[in-house]
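Let me begin by presenting the structure, written as structure tokens, before commenting on it.
The values are calculated or read from the model by the stated rules, or taken from the named source; none is laboratory data. Quantities reported herein were computed from a predicted structural model and do not represent experimental measurements. Neighbour counts are summed over all protein chains in view; Cβ atoms, including those assigned to glycine, are modelled from backbone coordinates with ideal geometry.
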Amino acid sequence: MKNSHWFLTSALVFGMHASHAQRKTIAQKVDSVLRLMTLDEKIGQMNQYNGDWEATGPITRDGDKQDQIRRGRLGSMLNVTGVEHTRQLQEMAMSSRLKIPLLFGQDIIHGYRTTFPIPLAEAASWDLEAIQNAARVAGREAAAAGVHWTFAPMVDIARDPRWGRVMEGAGEDPYLGSTIARARVLGFQGKKLGDTDAIMACAKHFAAYGAAIGGRDYNSVDMSLRTLWDIYLPPFKAAEEAGVATFMNSFNDLNGIPATGNAYLQRDVLKGKWKFKGFVVSDWGSVGEMIPHGYAKDHKEAALEAVSAGCDMDMESRSYIVSLAALVREGKVKVEWIDDAVRRILTKKFELGLFDDPFRFCNVQRERQQWNNPENLRIEEDMAKKSIVLLKNDHQLLPLSKDTKTIAFIGPLVKSVRENLGFWSYDWADDSARVISPWDGVQGKLGSGSRLLYARGCGITDTSTAGFAEAIDVARQADVVVLEIGEARDMTGEAKSRSNIHLPGVQEELVRAIVGTGKPVVVLISAGRPTIFNYTADHAGAILYTWWLGTEAGKAIADVLFGDYNPSGKLPISFPRTEGQIPVYYNHFSTGRPARNDSDVNYVSAYTDLPNDPRYPFGYGLSYTRFVYSDLRLSAPSFKPGGTITATVTVTNTGSLEGRETVQWYIRDMVGSVVRPVKELKGFEQAVLKAGESKKLSFTIDVEKLRFYNDKLQHIYEPGEFRLFVGGDSQNVNEIPFSLTAGR
Ligand code: BGC
């Protein structure tokens, strides 16, 4: 009997009876494998370990893992990359009884070999095609290195810049976040899973991780279900609709139930209401973390809670591998749950083509070809340019002329190399030669008649001003000063919450010292999150927010500084004036005592010492040219359900340079059965306009754009009065009323 099983499996796994096997659907194939599996082997598929070795060292430091692979007790590994390494481990899996291939997962958050701008920066481009392309390149490079699966995109809405992981998402808005979630899933997964340039994407962290109280990472989340459905779930739904292969649950509890053990989220919503067919992986150790949460008394109870709630794979907590079999034997865990989880995981392995050829992602030529692919760098540079946001440009200080005689380039980040890569990026040994520093980028642009002077001024976190004198001296010799300041790459990311998000150290004092020279000052701010820099905002002549831009950072910065690219980025998140204003976001509710303006503080909802609005609002970003909005019209003042209204607006480039504007459409529901936001983004479009050119843009309103979750969590629209807004950011808008009348 054992032998016949063995033969049957081998035939199935390796396609020896290919013609027969190919006629079977994946579901049938999965079932035939499942029938052969012991309970331990099934639980093995639900188990994932970290790779845990050095690239040049032994395969793994933990012999137990190798042994478990050979015994079919491991379904997946993370942080295992490179054709050679993945092949070695896959060979081990091929010596297991059923030869079920391993899945290799990795955090490819913004690039693999080629590092792209951090996700929040990419979101500032509002350019869905560019964002999809960036994910496409990342997927292609990773797939060529033996990776099957990225733990991205992170689609968590983030309204709190103290939270370090704000850098990993698409900012504060559910609509923008949803469109970007979709673009990233499509980018990573390519035409279809199974292509050797496609990897599985993973929508994370399900759910509401971005709302950690106080912006402190891993903290609790307490929110109404309406807010969950209206604000935090839409990007997950968009990822699911785009066909995302997997979901990751999260570290936080949601209203007292850890997301990892949350049956409402995973069983009722994701697998029930949304009919998600992929699988759910836990976050790192999050099954076991239900013990310190005080939600499970030990690993066994944690395994029970997680598996009951619909978490299919246990990343690194070993709760499943240690406890699930006993829980099944004791009748506490239904074997159907195990089968369902394993079916989901095996389905993805089949879809990836790993049962046909477990080594299909282990091709050395492909790996080499993607390793230093110039086309990928070109796409990166394009993405980086589009991510930069022009926050200020008094008297058209920018763009600089390439013939400027003397430019002083000052600051701790000017000659930075690895800082440009940001958090969640890989350090390759040759990075210092590959990554274009801002200094190299700018130098590459200047003609032979120009001089570029340098002074560091201070370090990123320095408290000493000892370097200021040299910086001032250098500034005095220049026609214009470009200062580059900001955060170090490890200041914003996972577990990098900060209560103080002002620019670190004495950097703003350096700005003050240089402004004191009377020279025109351009400031570049490189950071992973919205930071606070009020002195700079008030006194610098021009400010470019350059985030962490990736491998070609220096080139992109130089392109924008000298006008080879006219900046087009728009903030995907509000920038606060100070921490006390957080959370500050554009789509807030109106109160019963709204303030009329900044000085209106008398018994209204306002701070007595601070305006309500942020320093820079959501959607904000300037251009070297100017766009004027006019002639906002509606095809009709009202419509009925089933009908539509078309709005049109004329956008004119009144400046002297070609530019790209992101035209943003917002709606407000004036009266609702629940209080509604003062504005919600419902659409946007990018228009490239030549100097003097006008374009008429249109936007269609239907009831889908008016839906929201009411107090019974029904996704409804209500007849009544609305306002439509259009503009280049969420504050500076033209508006027009319309109404929805009842009945068809
Ligand atoms: C993070 C996840 C990540 C995982 C694996 C966790 O700490 O929260 O986003 O995918 O580690 O590296």
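Among residues belonging to the stretch 282-299 that are within 16 Å of the ligand (Cβ to nearest atom) and in a loop (DSSP other than H, G, I, E, B), point out the one that is nearest to GLN266 (Cα to Cα).
Checking each candidate, the answer is SER282.
Kindly list, by first and then second residue, each pair from a residue in the stretch 726-744 that is among the aromatic types (Phe, Trp, Tyr) to a residue that is not in a strand (DSSP E or B), limited to pairs with Cβ atoms under 9 Å and residues at least 6 apart or on different chains.
That search, which allows pairs on different chains as well, returns PHE738/ALA636; PHE738/PRO637.
List the residue pairs whose Cβ atoms are under 9 Å apart, where the first residue sits in the stretch 603-616 and is in a loop (DSSP other than H, G, I, E, B), the second is among the basic types (Lys, Arg) and surrounded by 14 or more Cβ atoms within 10 Å (Cβ to Cβ), and the two are 6 or more positions apart or on different chains.
LEU610/ARG577; PRO611/ARG577; ASP613/ARG577; PRO614/ARG577; ARG615/ARG577
Which residue is nearest to the ligand (Cβ to nearest atom), if the candidates are limited to the stretch 458-490 and must be assigned to a loop (DSSP other than H, G, I, E, B) and touching a Pro at 6+ places or on another chain (Cβ under 7 Å)?
Taking the stretch 458-490 first, the residues assigned to a loop (DSSP other than H, G, I, E, B) are 458-467, 477-479, 487-490.
From what's left, touching a Pro at 6+ places or on another chain (Cβ under 7 Å): 458-461, 487.
Values: CYS458: 32, GLY459: 29, ILE460: 25, THR461: 25, GLU487: 20 Å.
It comes out as GLU487.
Considering only the stretch 189-208, state which residues are more than 17 Å from GLY146 (Cβ to Cβ), among the aliphatic types (A, V, I, L, M) and not in a loop (DSSP other than H, G, I, E, B).
Residue satisfying the conditions is ALA203 alone.
Could you run through the stretch 363-415 and say how many residues are assigned to a loop (DSSP other than H, G, I, E, B), closer than 30 Å to GLY82 by Cβ and over 28 Å from the mean Cα position of the chain (by Cα)?
1
Within the group ASP462, ASP479, ASP538, which residue is surrounded by fewer than 24 Cβ atoms within 10 Å (Cβ to Cβ), among the acidic types (Asp, Glu) and closer than 21 Å to SER401 by Cα?
Answer to the selection: ASP479.
Please list, ordered by first then second residue, the pairs with beta carbon atoms under 6 Å, 6 or more apart or interchain, first in the stretch 278-289 and within 10 Å of MET248 (Cα to Cα), second within 13 Å of the ligand (Cβ to nearest atom) and hydrophobic (A, V, I, L, M, F, W, C).
Hits for this filter: VAL280/PHE247; VAL281/MET248; VAL281/MET313; VAL281/MET315; SER282/MET315; ASP283/MET248; ASP283/PHE251; TRP284/MET315.
Working only within the stretch 113-127, note down all residues that are over 19 Å from VAL80 (Cα atoms) and either away from the ligand (no atom under 16 Å from the Cβ) or in a loop (DSSP other than H, G, I, E, B) (or both).
PHE116, PRO117, ILE118, ALA121, GLU122, ALA123, ALA124, SER125, TRP126, ASP127
Here's a check for you: in the stretch 82-112, which residue that is in a loop (DSSP other than H, G, I, E, B) and crowded, with 23+ Cβ neighbours inside 10 Å is nearest to the ligand (Cβ to nearest atom)? Outline the logic, then answer.
Within the stretch 82-112, the first condition is being in a loop (DSSP other than H, G, I, E, B), and the residues that meet it are 82, 94-102, 107-110, 112.
Imposing the further condition that a residue be crowded, with 23+ Cβ neighbours inside 10 Å reduces the set to 100-102, 108-110, 112.
Values: ILE100: 22, PRO101: 21, LEU102: 16, ILE108: 10, ILE109: 8, HIS110: 13, TYR112: 14 Å.
Looking at the filtered set, the residue picked out is ILE109.
Run down GLY194, GLY177, GLY169, GLY215 and say which single residue is more than 16 Å from the ligand (Cβ to nearest atom) and surrounded by 24 or more Cβ atoms within 10 Å (Cβ to Cβ).
When all the criteria are applied, what remains is GLY177.
Of the conditions (1) surrounded by fewer than 24 Cβ atoms within 10 Å (Cβ to Cβ); (2) within 16 Å of the ligand (Cβ to nearest atom), ALA130 fails just one. Which one is it?
Unmet for ALA130, out of (1) surrounded by fewer than 24 Cβ atoms within 10 Å (Cβ to Cβ); (2) within 16 Å of the ligand (Cβ to nearest atom): (2).
For ALA135, indicate whether it is more than 16 Å from the ligand (Cβ to nearest atom) and either surrounded by fewer than 24 Cβ atoms within 10 Å (Cβ to Cβ) or not β-branched (Val, Ile, Thr) (or both).
no
Examine the stretch 399-409 for a residue that is closer than 30 Å to ARG165 by Cα, surrounded by fewer than 20 Cβ atoms within 10 Å (Cβ to Cβ) and touching a residue at least 12 places away in the same chain (Cβ under 8 Å), and state whether such a residue exists.
no
Collect the residues in the stretch 564-605 that are of a type in the set (A, V, I, L, M), over 28 Å from PRO119 (Cβ atoms) and at pLDDT 95 or above, keeping them in residue-number order. Explain how you work it out, then say what you get.
First, pick out the residues of the stretch 564-605 that are of a type in the set (A, V, I, L, M): 571, 573, 582, 584, 595, 601, 604.
When the remaining residues are screened for being over 28 Å from PRO119 (Cβ atoms), the result is 595, 601, 604.
The answer is VAL604, and nothing else.
Could you check the stretch 249-271 and list, in sequence order, the residues that are away from the ligand (no atom under 14 Å from the Cβ), farther than 23 Å from ALA183 by Cα and either aliphatic (A, V, I, L, M) or under 16 Å from the mean Cα position of the chain (by Cα) (or both)?
Listed by number, the residues that qualify are LEU254, ILE257, ALA263, LEU265.
In the stretch 432-457, what count of residues is obtained for those that are part of a loop (DSSP other than H, G, I, E, B) and surrounded by 13 or more Cβ atoms within 10 Å (Cβ to Cβ)?
The total comes to 7.
Does the stretch 232-248 contain at least one residue that is within 15 Å of the ligand (Cβ to nearest atom) and of a type in the set (Gly, Ala, Ser)?
Yes, the stretch 232-248 contains at least one residue that is within 15 Å of the ligand (Cβ to nearest atom) and of a type in the set (Gly, Ala, Ser).
Quick one: count up the residues across the stretch 307-362 that are farther than 17 Å from VAL33 by Cβ, aliphatic (A, V, I, L, M) and either part of a loop (DSSP other than H, G, I, E, B) or within 16 Å of the ligand (Cβ to nearest atom) (or both). Talk me through it step by step, then tell me what you get.
Going residue by residue through the stretch 307-362, those that are farther than 17 Å from VAL33 by Cβ are 307-311, 314-334, 337, 359-362.
Right, trim to aliphatic (A, V, I, L, M) and you get 307, 309, 315, 321-322, 324-328, 333.
Narrowing the set further to residues that are either part of a loop (DSSP other than H, G, I, E, B) or within 16 Å of the ligand (Cβ to nearest atom) (or both) leaves 315, 333.
Within the stretch 307-362, residues that are farther than 17 Å from VAL33 by Cβ, aliphatic (A, V, I, L, M) and either part of a loop (DSSP other than H, G, I, E, B) or within 16 Å of the ligand (Cβ to nearest atom) (or both) number 2.
Identify, please: which residue in the stretch 313-338 is of a type in the set (Gly, Ala, Ser) and more than 35 Å from the chain's Cα centre (by Cα) and is, among those, surrounded by the fewest Cβ atoms within 10 Å (Cβ to Cβ)?
Ranking the candidates gives GLY331 first.
How many residues are in contact with a Phe, Trp or Tyr (Cβ under 9 Å, 6 or more places away or on another chain), acidic (Asp, Glu) and touching a residue at least 24 places away in the same chain (Cβ under 8 Å) if we restrict to the stretch 689-725?
Final tally of qualifying residues: 3.
Using beta carbons and a limit of 7 Å, which pairs, at least six apart or on different chains, have the first residue in the stretch 533-545 and closer than 17 Å to ALA124 by Cβ and modelled with pLDDT of 95 or more and the second one of a type in the set (Ser, Thr, Tyr) and in a helix (DSSP H, G or I)?
Within 7 Å, the pairs are ILE543/THR536.
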